[in-house]
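First comes the structure, then the notes that go with it.
The values are calculated or read from the model by the stated rules, or taken from the named source; none is laboratory data. Quick caveat: nothing in here was measured; it's all calculated off a predicted structure. Neighbour counts run over all protein chains shown; Cβ positions are idealised from the backbone, glycine included.
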Amino acid sequence: MKNTGHLSVLVALALALAFAAPRALHAAPLPGDNKTDAKRPEPTAEQQQMRGLDEQVQEVKSDVLSIGAELNQLEEKLLYPSGTQVAIFVAIVKGDEMRLDAVRLEIDGQLVAHYIYSAKELEALRKGGVQRIYVGNVTTGEHKLNVLVDGKLKAGTDFSRTEHFTFHKEVKPKLVELTVGGPDSGKTPIAFGEL
């Protein structure tokens, strides 16, 4: 029964190909073949319309991508307007062997960031990398920044330090850098800098 079904499909396909218009089927031209070097017929109105639609679709795709990029920029400006934006960065003292485990940030008593570092992130910081740990909005004026750092010293003892800083926010973006180092670095464990 299966063979009869397959046979009837093949017969129907053969008949359809036999009655197809010969000019509707085109073979790829062979080099030096004079028969295929003849000028191709002009595209039909349907073919021209399809090409026009393809071009329009490509233009629409391009427009959608550019609109998406503009929307992302507008969203960033709305979420973090430059007049209220504050960004806080973390770096490690060059050459320090302390293993930084976590950093906690509070602005005006509100927890704004708590970050636990992986081995790869710690290695990047040791090589001079800087991490943007927080971006947010604050009003203009004075603000208190509390920083808690947890880690381990080279000898394996736990290290925990809390520092309190004050910064003044003006009507422009504020960039703050926190440089962290253990007591062996010879520097303040948490140094505050404004960029």
From the list LEU122, LEU111, which residue is assigned to a strand (DSSP E or B), in the same structural domain as GLY156 (by TED's automatic domain parsing) and in contact with a Lys or Arg (Cβ under 8 Å, 6 or more places away or on another chain)? LEU111
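Consider VAL149 carefully, then state whether it is at pLDDT 95 or above, in the same structural domain as VAL103 (by TED's automatic domain parsing), surrounded by 17 or more Cβ atoms within 10 Å (Cβ to Cβ) and touching a Lys or Arg at 6+ places or on another chain (Cβ under 7 Å). Steps first, please.
Numbers: at pLDDT 95 or above: yes; in the same structural domain as VAL103 (by TED's automatic domain parsing): yes; surrounded by 17 or more Cβ atoms within 10 Å (Cβ to Cβ): yes; touching a Lys or Arg at 6+ places or on another chain (Cβ under 7 Å): yes.
The answer is yes for VAL149.
Suppose we filter ILE92, ILE116, ILE107 for residues that are crowded, with 16+ Cβ neighbours inside 10 Å and more than 30 Å from LYS77 (Cβ to Cβ); which single one remains?
Numbers: ILE116 fails: crowded, with 16+ Cβ neighbours inside 10 Å; ILE107 fails: more than 30 Å from LYS77 (Cβ to Cβ).
Answer to the selection: ILE92.
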Run ALA155 past the list (1) surrounded by fewer than 16 Cβ atoms within 10 Å (Cβ to Cβ); (2) over 28 Å from the mean Cα position of the chain (by Cα); (3) under 27 Å from LYS77 (Cβ atoms) and report the number of the one that doesn't hold. (3)
When every residue in the stretch 56-105 that is basic (Lys, Arg) and assigned to a helix (DSSP H, G or I) is compared, the one farthest from the chain's Cα centre (by Cα) is LYS61
The stretch 168-189, subset under 12 Å from SER82 (Cβ atoms) and within 25 Å of the chain's Cα centre (by Cα), residue surrounded by the most Cβ atoms within 10 Å (Cβ to Cβ): LYS174
Give the residues of the stretch 40-52 that are at pLDDT 85 or above and surrounded by 10 or more Cβ atoms within 10 Å (Cβ to Cβ), sorted by residue number. GLN47, GLN48, GLN49, MET50, ARG51, GLY52
Scanning the stretch 159-175 for residues that are outside any loop (DSSP other than H, G, I, E, B) and touching a residue at least 24 places away in the same chain (Cβ under 8 Å) gives PHE159, ARG161, GLU163, PHE165, THR166, PHE167, HIS168, LYS169, LYS174, LEU175
